Amino acid sequence: MLLAGAAHADTAAPQDATPRYVQYVLNDTLLPRYQQLATANRALASQLQHSCAQPGDAGLAAVRQQWQQAYGSWMRVAALNWGPTAQLRSQRTIAFKPTRTTLVDSAVSRSAAQEADVFDTTGTAAKGYTAIEYLLYRPTASLATPGVCAWLQRNADDISEHSAELQRQWQRFAARISAGESADDLPSSQQALEEIINLTLAGNNELHKELSRLASQKPELVSGQRSHSGKRLLQAQFDLLQQLLVGGNGKDFALAQLLAQGPQPALAQQLRQRVAAVGKGLALLPDNLVQAGRSGKERAAVQALAALLTLLEGPVADSLDITLSFNESDGD
């Protein structure tokens, strides 16, 4: 376990700045994204219903496009496994990876045979976004294949229901914290800050590890390898981390603004520079990440993420008097 330096009252941010940052994370960052997620997943379920009524190439292309939107919306919240998302085990429930293709094929066959309770008796490894990706992008992909539409629609409906519940629970969670409610299941502002920073570190570490392993990774374990969308998915994942760290416009009160109000404003500028370097590194990746491992195009992003992690673990955590529970083996 990594621990920040000893507490120093003269290095911490002003007391009123911490609640302001937590409100920014909840109300300005996460709530709009969970609303977008619920909307995108409803649209995916609706598109599948429409396309499966008249299966063809155009319908398959439309479903693929909507899947890209829905999965991208999930990746724009996935890096912060906190609050209701952790409680509902959303990562495992709707975004399990890698998908087990043999289980998906079996579920499709059983669906074609109109067996009862197929969804309830099939494991998580055959469900969610990556299972949908497999059926939409395999070489023989067709909505007309017996059982495919039934399995796709059942998965999309489940994801849509789950994300709607996620949105409702996040609204309640944020409202209770904003109202200053004190309860065993709610963090204080300082606790929330520590949890957010630790999870932000874990999210950056996960990205760093995934990119570091590309050269030796099996293709089936690479994000978005079937849809050639790995670059977009990782950029969406980092988009949330960037929003938490430096924000997106002048009205945001991200971590950089929190640091700027403390006695070490130079850290805020360092943070902005290192976040920008990660963004530039990710932009160099090919759409299909399997190709990156052969070309070395991931190296700039790997180096930039390592530098960002070093800054967050050391000077930033020390400045904010944060105890880090993040461990570099997290995610293994």
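Derivation of every value follows stated rules applied to the coordinates shown; laboratory data play no part. Note that the structure is a prediction, hence the values are computed from the model and not measured. Note that each Cβ is placed from the backbone with ideal geometry, even for glycine, and that neighbours are counted across all protein chains shown.
When the chain is treated as a GNM with alpha-carbon contacts under 10 Å, the residue of LEU186, LEU60, LEU308 showing the greatest mean-square fluctuation is LEU186. Taking all Cα pairs closer than 8 Å and separated by 6 or more residues, the relative contact order of region 90-203 comes to 25 percent. Run the numbers on the chain and let me know its relative contact order in percent, using alpha-carbon pairs under 8 Å that are six or more apart. In percent, rounded to a whole number, it is 29. Spin-label model, THR93 to GLU220: label points 7 Å out along the Cα-to-beta-carbon direction sit 2.7 nm apart. The string of couplings for region 312-323 from the Karplus curve (6.51, -1.76, 1.60, θ = phi - 60°) is 5, 5, x, x, 5, 4, 4, 4, 9, 6, 9, 8 Hz, one whole number per residue in order, with x for Gly and Pro. R0 = 41 Å: FRET efficiency of ALA175 with SER295, Cβ-based, nearest 0.05? Taking R0 as 41 Å, the efficiency between ALA175 and SER295 is 0.30. Directionally averaged projected area (region 137-204, Cα convex hull): 7.4 nm². Under 10 Å, Cα contacts only: if you run a Gaussian network model on the chain, which one of THR200, THR124, THR310 comes out with the highest mean-square fluctuation? Ranking THR200, THR124, THR310 by mean-square fluctuation puts THR310 first. Counted without the sites themselves, the longest stretch of the chain free of GluC sites (Glu not before Pro) in a DSSP loop having at most 14 other beta carbon atoms within 10 Å is 182-332. Label point of GLN191 set 7 angstrom out along Cα-Cβ; within region 74-107, amide nitrogens under 18 Å from it belong to 81-88. Between ALA183 and GLN269, the FRET efficiency estimated from the beta carbon spacing at R0 = 41 angstrom works out to 0.60. Each residue of region 243-255 was assigned a 3J(HN,Hα) from its phi angle through the Karplus expression (A = 6.51, B = -1.76, C = 1.60, θ = phi - 60°), giving 5, 5, 7, 10, x, x, 8, x, 8, 6, 10, 7, 4 Hz with x at Gly and Pro. Just so you know, the Rg over Rh for the chain is 1.00, from Cα atoms, with Rh as the Kirkwood radius.
Distance between the modelled labels on PHE119 and ALA144, one decimal in nanometres: 2.6 nm (7 Å Cα→Cβ projection).
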